[in-house]
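K.L.:
My questions all concern the structure below.
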Ligand SMILES: Cc1cc2nc3c(=O)[nH]c(=O)nc-3n(C[C@H](O)[C@H](O)[C@H](O)COP(=O)(O)OP(=O)(O)OC[C@H]3O[C@@H](n4cnc5c(N)ncnc54)[C@H](O)[C@@H]3O)c2cc1C
């Protein structure tokens with residue numbers, strides 16, 4: 001195995017991680033999760049940084065932690081029946097950030113994750129500029145920079161006729177290291193969760209992993225906590241319940257808290273196939289056209305894949321995240337082998353004139369073939385209540401994928417996940433809401449969320465529709481590669497979502513696109 005392959009093996013670690021749990025009950029519950037580490041763990045210095053020093057004016061944080069593969073010590077499991085200000089269900093980036101932000105506000109938080117770290121998550125692995133401000137604020141950016149990652153300086157867009165345009169990310173953002181990174185989610189999420197564990201426990205809260213939330217507790221339409229157990233649905237471990245003034249749903253697109261809120265309490269639809277996207281991902285080594293650990297990520301709207309798109313995102317030197325995404329309702333219209341994103345991807349890699357050449361010496365990372373779904377934040381046609389759908393109620397707020405906030409053009413969901421996590425912390429006051437997070441405040445959260453993200457999500461939705469028109473894309477990409485203003489416009493659109501508005505201004509379109 002090449003050094004690169006060996007290194008990557010240690011990132012991915014696909015094998016099943018045996019876990020077991022021991023309990024002593026009743027009264028105090030003691031749980032030990034025994035894990036068999038699969039990889040050689042480098043030296044970890046678990047020295048902690050006080051969470052209250054985390055702001056932009058604070059002196060630089062000294063991180064000695066370089067390892068991100070080993071187990072995370074989350075401490076003791078709280079007693080059955082314990083009460084918290086905030087319970088966060090799901091320890092992905094949105095949940096880790098929500099737990100951190102609420103703990104930084106002085107709340108006693110319980111953060112619960114179903115998996116045991118380190119765990120994989122199917123994604124394109126790009127962590128954009130919007131995410132990085134939160135990643136920095138939470139003290140995770142320096143950790144990321146100390147682990148292998150790819151620095152994104154540009155995005156290549158390709159159209160069906162083979163035209164490509166390279167859109168540079170703003171130079172000043174790149175120089176400040178705020179433009180964007182890509183790195184395996186297994187690695188990124190580990191650092192977010194580890195930091196959240198430090199922040200939450202130092203503020204007097206608790207963190208549990210390997211705990212599956214199976215039931216969301218409700219009293220007269222108000223969510224009051226959760227119950228669940230260790231070891232997955234079929235496990236016979238004892239059920240533990242915890243209560244809180246606020247429960248945050250952060251468990252991704254099938255979040256039990258969001259499902260309870262949206263379908264259970266309000267009888268509204270949780271999913272909409274016109275706004276959910278299927279995604280398929282593989283990791284490859286040795287793909288042609290990628291050198292070093294800095295450069296472009298690539299998105300291609302190619303024949304045979306449109307109305308979906310094909311991406312190539314390097315995640316570190318020599319390793320590329322390769323995938324395909326397509327809106328589920330469009331996927332259903334496909335016939336035969338085209339219905340399968342996996343088969344579509346195989347077809348592109350083996351038969352497309354450009355990509356078969358680039359993949360001729362490449363090798364797939366075994367076990368990396370996985371699919372997942374992206375709940376888009378595009379506006380629904382006739383929403384029964386709030387846009388993109390109901391995300392909060394009495395006793396509850398949802399964040400990230402649980403709130404259906406993925407950008408429908410770029411597929412980026414981490415940024416809005418982190419933003420919604422922070423926003424949720426600004427709407428909760430542990431003293432004023434001690435008797436339960438009130439419905440009126442939930443409405444304010446939903447209103448602010450859509451006021452903040454509605455325009456960009458709507459613009460991205462329009463763009464997502466436009467890229468399906470092959471001829472238009474051929475022409476647009478061709479022209480963008482020749483005309484500087486169009487390249488600049490694309491840069492603006494990607495780096496600054498506000499600039500997307502310009503795309504729908506008739507005068508701007510006339511002067512930029514139609515004039516020679
Ligand atoms: C193929 C694909 C490509 C993508 N590419 C990108 C990209 O390049 N950049 C980008 O920004 N976004 C991308 N996204 C979107 C991105 O992955 C999500 O928006 C992001 O993961 C949302 O984070 P989250 O924390 O809200 O949810 P998740 O990351 O899904 O985390 C949810 C967590 O909750 C846990 N959980 C689930 N159920 C329970 C339960 N019952 N009890 C306890 N815990 C539970 C899960 O184990 C998980 O750890 C992509 C998505 C896909 C599918």
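The values are calculated or read from the model by the stated rules, or taken from the named source; none is laboratory data. Nothing here was measured: the structure is a model prediction, and the numbers come from that model. Ideal geometry is used to build each Cβ from the backbone, glycine not excepted, and the neighbour counts take in all protein chains shown.
K.L.:
What do you reckon, is residue 117 out of contact with any strand residue (DSSP E or B) (no Cβ under 9 Å at 6 or more places or on another chain) and in a loop (DSSP other than H, G, I, E, B)?
P.N.:
Here the answer is no, as residue 117 does not meet what is asked.
K.L.:
Next up: Among the residues of region 169-181, is any under 18 Å from residue 292 (Cβ atoms) and within 13 Å of the ligand (Cβ to nearest atom)?
P.N.:
So far as region 169-181 goes, yes, one or more of its residues are under 18 Å from residue 292 (Cβ atoms) and within 13 Å of the ligand (Cβ to nearest atom).
Yes/no per residue for (1) under 19 Å from the mean Cα position of the chain (by Cα); (2) at pLDDT below 95; (3) not in a loop (DSSP other than H, G, I, E, B):
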residue: 88; (1), (2), (3): yes, no, yes
residue: 94; (1), (2), (3): yes, no, yes
residue: 110; (1), (2), (3): no, no, yes
residue: 143; (1), (2), (3): yes, yes, yes
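K.L.:
Using the structure shown, decide if residue 211 is closer than 30 Å to residue 471 by Cα and either within 16 Å of the ligand (Cβ to nearest atom) or touching a strand residue (DSSP E or B) at 6+ places or on another chain (Cβ under 7 Å) (or both).
P.N.:
no
K.L.:
A further question on this structure: Show me the strands (runs of 3 or more DSSP E) found entirely inside region 307-414 where at least 3 residues are modelled with pLDDT of 95 or more and under 28 Å from residue 462 (Cβ atoms).
P.N.:
Filter on region 307-414 gives 309-316, 319-327, 370-375.
K.L.:
Let me ask something else about it. Looking at region 403-414, which of its residues are within 6 Å of the ligand (Cβ to nearest atom) and within 21 Å of residue 104 (Cβ to Cβ)?
P.N.:
Of everything in region 403-414, just one residue is within 6 Å of the ligand (Cβ to nearest atom) and within 21 Å of residue 104 (Cβ to Cβ), namely 414.
K.L.:
Give the residues of region 305-326 that are in contact (Cβ under 8 Å) with a residue 60 or more places away in the chain, farther than 17 Å from residue 164 by Cβ and within 18 Å of the chain's Cα centre (by Cα), sorted by residue number.
P.N.:
Of everything in region 305-326, those that are in contact (Cβ under 8 Å) with a residue 60 or more places away in the chain, farther than 17 Å from residue 164 by Cβ and within 18 Å of the chain's Cα centre (by Cα) turn out to be 315, 321, 323, 325.
K.L.:
Report whether or not residue 127 is under 15 Å from the mean Cα position of the chain (by Cα) and not in a loop (DSSP other than H, G, I, E, B).
P.N.:
yes
K.L.:
If only one of 370, 342, 363, 356 is out of contact with any strand residue (DSSP E or B) (no Cβ under 8 Å at 6 or more places or on another chain) and surrounded by fewer than 18 Cβ atoms within 10 Å (Cβ to Cβ), which one is it?
P.N.:
356
K.L.:
Right, something else. What is the number of the single condition among (1) surrounded by 20 or more Cβ atoms within 10 Å (Cβ to Cβ); (2) within 25 Å of residue 408 (Cβ to Cβ); (3) in contact with a helix residue (DSSP H, G or I) (Cβ under 7 Å, 6 or more places away or on another chain) that residue 304 does not meet?
P.N.:
Only one criterion is unmet by residue 304, namely (1).
K.L.:
For residues that are more than 16 Å from the ligand (Cβ to nearest atom) and assigned to a helix (DSSP H, G or I), scanning just region 415-442, find the one that is surrounded by the most Cβ atoms within 10 Å (Cβ to Cβ).
P.N.:
Among those that are more than 16 Å from the ligand (Cβ to nearest atom) and assigned to a helix (DSSP H, G or I), it is 442.
K.L.:
Considering only region 87-138, state which residues are within 23 Å of residue 172 (Cβ to Cβ) and more than 14 Å from the ligand (Cβ to nearest atom).
P.N.:
136, 137, listed by residue number.
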